[in-house]
1. For the chain, find the longest principal axis of its Cα atoms and tell me its angle to the long axis of helix 211-224, 0 to 90°, nearest 10.
2. Counting only C-alpha contacts under 8 Å and six or more residues apart, can you give the relative contact order of the stretch 83-241 as a whole percent?
3. So for each of 284-291, 261-268 I average, over its residues, the number of other beta carbons within 10 Å; can you give me the resulting order with the highest mean first?
4. Step through the residues of the stretch 301-309 one at a time and calculate ³J(HN,Hα) from phi using the Karplus curve (6.51 cos²θ - 1.76 cosθ + 1.60, θ = phi - 60°), rounding each to whole Hz and writing x for Gly and Pro.
5. Helix 120-136 versus the longest principal axis of the chain: what is the Cα-based angle in degrees, 0 to 90, to the nearest 10?
6. How many percent of DSSP beta bridges within the chain run antiparallel, rounded to 5?
7. How big is the dipole moment of the chain about its Cα centre under a simple scheme where the beta carbon of each Lys and Arg is +1, that of each Asp and Glu is -1, and everything else is neutral? Debye, nearest 20, please.
8. If you rank VAL150, VAL163, VAL14 by fewest surrounding Cβ atoms within 10 Å, what's the result?
Amino acid sequence: MDPIRIELPTEFDVGPVNCYLFTAPEPVLVDCGVELPASWDALLAGLAQHHLTPADIRRIVITHPHVDHSGQAAKIAALSGGQVWVADLGYEWLVNPQKMFGLRADYYRDHFLIEAGIPDEMAQMIQAYFAQVGTDTTPVPPEAVHTFRVGDWLEMGGARWQVLHMPGHASHQTCFYQPESGQFLSADMLLPKTPTPIVERPSPNQPRQPSLPIYMASLARCEALEIDWVYPGHGEPFQNHRQLIHTQRSRIHKRKDEALALIQQGHRTAYALMNEMYAHYPPALRFAGLWMLIGYLDLLQAEGQVGVAVVDGVWQYYVNK
Ligand SMILES: [Zn+2]
């Protein structure tokens, strides 16, 4: 059986998010939209087309606990008594979003935004935004959560789907792959527009993990899979995933080369580079490109093309000779 796509509105730039419904042998949702009245209404309408209500849902399977994918999980679980299934990697984010978003916001404030050279006022706004996401998210009670692990097989729609870890956009992102039918629930791993490689808080006493190089490695693993249909977290299902991966990769390398040229021209900090790379946005909105830019810089470092020195607590990039 094919996953049934129900598109739910969000307030984010990414646009609507997809939730996928399997009706048999029991009603299962994969992802469930952001906590907004319009999103709830769209979910009710989508389920009603299959003569279902949220109270009928036995399992809500979460690809990654970002609020557009998991925001309504607590509400559906409370109504249905169903379980919210998530990878162990994402468990804490689902049951304690305030703590986890708060820790990341603290890391941004105390380390990342300073190192990126972001001016105080903008840094405070970014920090406050991420802390707010955590406090605005309804936690899922631990007793309603069932965790699975990478490599496990999940029964959905009468078929077995393998859990694949696909970090890069989020360190805890999982995709679900059905090898016999070649169906792939790709979350935000394969999207028409490259997903943001979110800078994550490093584990204690560990260096920061470079999200875009990690995403590129996940792309290569997707490329190797025999996939017939991709069911993405946003936008229409599509085929020819290798074509999409090729396009994504070319664009990433092109933008990465642009960042390299800007460093050669003397733009040294992430903030200065962000203002050049995203000059087509109004100044107050350019920070939206910061995570992608850090990704290009991480990639240039991983390739040995640039180095970074810390001067007064701020990263200064230079081109390796
Ligand atoms: Zn998403």
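Each value in this text was obtained by applying a stated rule to the coordinates, not by laboratory testing. Keep in mind it's a predicted model, so treat the numbers as computed, not measured. Glycine also receives a Cβ, built like all others from the backbone with ideal geometry; neighbour counts cover every protein chain displayed.
1. Around 50 degrees separate the two axes.
2. Once normalised by length, the contact order is 20 percent.
3. 284-291, 261-268
4. Taking θ as phi minus 60°, the curve returns 5, 4, 7, x, 7, 10, x, 9, 10 Hz for the stretch 301-309.
5. Around 10 degrees separate the two axes.
6. Around 65 percent antiparallel, to the nearest 5.
7. In debye, rounded to 20, the chain gives about 660.
8. So the residues, fewest neighbours to most, are VAL150, VAL14, VAL163.
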